[in-house]
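This report refers to the structure that appears directly beneath it.
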Amino acid sequence: MPDALKILLVEDHEDTLRLMARLLRHLGYVVETAPCVNDALASAQKHQFNLLISDLDLPDGSGLDLMRQLRGQAGLKGIALTGFDSVDDVDQALQSGFHTHLTKPVDLDKLEAAIRAVTNGAS
């Protein structure tokens, strides 16, 4: 699938990471996973991604910092996932470079709609 959207999925909860990756792959996306900031950065050095979907509270740093470091990659968009949904939390995510913010637990339909909106339907 050369035209498939390439997603870097970052989530430290192993079961959630595995389930989300499987669901996204079932929807036709190419998904690379990482459980932490360092692994995500290493993966981003090896591969070009269209979309970062990241938890914000990671064991070795913040998804906000991760997005700040990766947002310079050509065409990279971002969806923040977090358990926090205050106005400040959303503002911080947007200011760091994420295009949208979803609160956990994430509904698959809402995630898919966010992916389509953020990537303008690209696949």
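The values are calculated or read from the model by the stated rules, or taken from the named source; none is laboratory data. Quick caveat: nothing in here was measured; it's all calculated off a predicted structure. Every residue, glycine as well, gets a Cβ built from its backbone with ideal geometry; the counts of neighbours run over all protein chains shown.
Based on what the data block shows, is D39 surrounded by 14 or more Cβ atoms within 10 Å (Cβ to Cβ), over 17 Å from L24 (Cα atoms) and acidic (D, E)? Criteria met by D39. Among the residues of the range 62-100, the ones that are under 19 Å from A34 (Cα atoms) and either charged (D, E, K, R) or assigned to a strand (DSSP E or B) (or both) come to 10 in all. Scan the range 77-123 residue by residue and report those that are aromatic (F, W, Y) and more than 14 Å from the chain's Cα centre (by Cα). Within the range 77-123, F84 is the sole residue that qualifies.
Out of the residues in the range 7-61 that are of a type in the set (S, T, N, Q) and in a strand (DSSP E or B), state the one that is farthest from the chain's Cα centre (by Cα). Of everything passing the filter in the range 7-61, T33 is farthest from the chain's Cα centre (by Cα). Filtering the range 82-123 to residues that are charged (D, E, K, R) and in contact with a strand residue (DSSP E or B) (Cβ under 7 Å, 6 or more places away or on another chain) leaves D85, D89, K104, K110.
I'm checking my understanding of the structure. Among residues of the range 73-105 that are of a type in the set (A, V, I, L, M, F, W, C) and farther than 26 Å from A42 by Cα, which one is modelled with the lowest pLDDT?
Taking the candidates together, the pick is F84.
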